[in-house]
Amino acid sequence: MSWLVHHTQSEEYANQAEELCRQQDLDRAASFYRLSAEAEVKALNNLDPSKTRTIGITAVSATSLYFKAQEFLRAKRVAHKWLATELLPPFAIEQLEDLLQTIRYEESRAKSGIQFIEGEVLVSVRGGEVLYGAAPLDLVLRKVDQIRNIFYRTTELLLDIPFRTRRPPTQDVKNQCDPWLFQAAPGSYQFEVRVRKPKDYKQLSVPGIPDSDIELRVEQITRKFLEVVRATAQDPEGELTEIVPNEEYRGAFLKLTRELAPPLTGKSFNEIEIKSSSNIESRPVILVPNTREVIKDVLKKSEFEPPDLPEYKVTQLRGTLRGLQLDDDWIEISIDGNSQKVYGAKEEIDDVVGPMVNRRVVAEVIERSDKPLKDKYSLRYLQLEEDM
């Protein structure tokens, strides 16, 4: 039998496996993926050594199909066998090495017994100071922290928990949403985030939500996260309003996504891509410097506009954010060694302002010439100086 006959049979088995996956019949799907992989190996063995591109495509396909069948040992054998030859084109070598890395992770996860809810989020940071597979540590830590905060807010939204303005999420929420960071294949700079499945859904009791419903909602965290980030970045005044009716949560997602987006200068990085690395949502979300300005304009529509009077003026203060008391409605900025309180900060949230403490910031403020110096400034917008 020829390569074409075996390969066609492999495709038929794979199509049946994918349909069973959609039906959540995972055991039968694995059986058909195994049959598909076996047919692909037969196709591979019928190829002429001169057909290097087809050999590469088929070797990657056979390895991937065994992986989907959870046949990790057989997947590794196929990959190592063909990597040991000189018949593979560069793209196939790279893809097989990536697959081997993924297989090693899945094997270690299976041994640990740790489970994760459906879906993974792949985050790619590009441009500026970011290199292939490398990025400034401070930048990476900030992006990871911002992603985690959006995950926590998404969990609280799904569980109908009253909006949190101050303080970090409760331990109960953290027990239900435990994001883990995974190494992703190099390509600019990438990392993958998955949410660990809670050991006991009954740890969290939410008034009005049955325990069984809590489990269903927690299982949706990754999907909801992607929906929220996409709507915030692409349609903040339309789709976001539909999927996040609560105005306070909507404002929080707008501010968190604004901070996640690249700075206007694009100096440190100029693009961040967020997508599912599974099939739960295939469309990527791309955040660029202009995303920050679009979201800023949406937020300004709900802000207080100063009257057109001589004593009101919009200006900027530049300095180091030294402290904040959001409950008391102020932040403190050190400007050339002098401390200045800026009021009107009650609409800000810890998730956004907290990481800015002891860093250079730019505060857009309303200056009141008819007020004493200590309380003449009201906050409109706060951002890191490096993001301008």
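The values are calculated or read from the model by the stated rules, or taken from the named source; none is laboratory data. Values in this document were obtained by computation on a predicted structure and should not be read as measured data. Please note: Cβ atoms are built from the backbone with ideal geometry, for glycine as well, and neighbour counts cover all protein chains shown.
Here is how the numbers come out for the structure above:
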quantity	calculated
Which listed residue is buried (at least 17 other Cβ atoms within 10 Å of the Cβ), within 33 Å of the chain's Cα centre (by Cα) and either more than 30 Å from residue 175 (Cα to Cα) or in contact (Cβ under 8 Å) with a residue 40 or more places away in the chain (or both), from 39, 29	29
The one condition in (1) closer than 14 Å to residue 294 by Cα; (2) more than 14 Å from the chain's Cα centre (by Cα); (3) modelled with pLDDT of 90 or more that residue 264 fails to fulfil	(3)
Boolean, residue 292 is over 19 Å from residue 360 (Cβ atoms) and in the same structural domain as residue 181 (by TED's automatic domain parsing)	no
Restricting the stretch 312-342 to residues that are touching a residue at least 60 places away in the same chain (Cβ under 8 Å) and in a helix (DSSP H, G or I), the residue that is farthest from residue 363 (Cα to Cα)	327
Subset of the stretch 102-140 [surrounded by fewer than 12 Cβ atoms within 10 Å (Cβ to Cβ) and in a helix (DSSP H, G or I)]	108, 111, 112, 137, 138
Residue in the stretch 8-28 that is of a type in the set (Lys, Arg) and closer than 26 Å to residue 110 by Cα present	yes
Qualifying position, being surrounded by fewer than 21 Cβ atoms within 10 Å (Cβ to Cβ), assigned to a helix (DSSP H, G or I) and without any contact (Cβ under 8 Å) to a residue 60 or more places away in the chain, among 291, 241	241
Hey, residue 54 out of contact with any helix residue (DSSP H, G or I) (no Cβ under 7 Å at 6 or more places or on another chain) and of a type in the set (Val, Ile, Thr) or not	yes
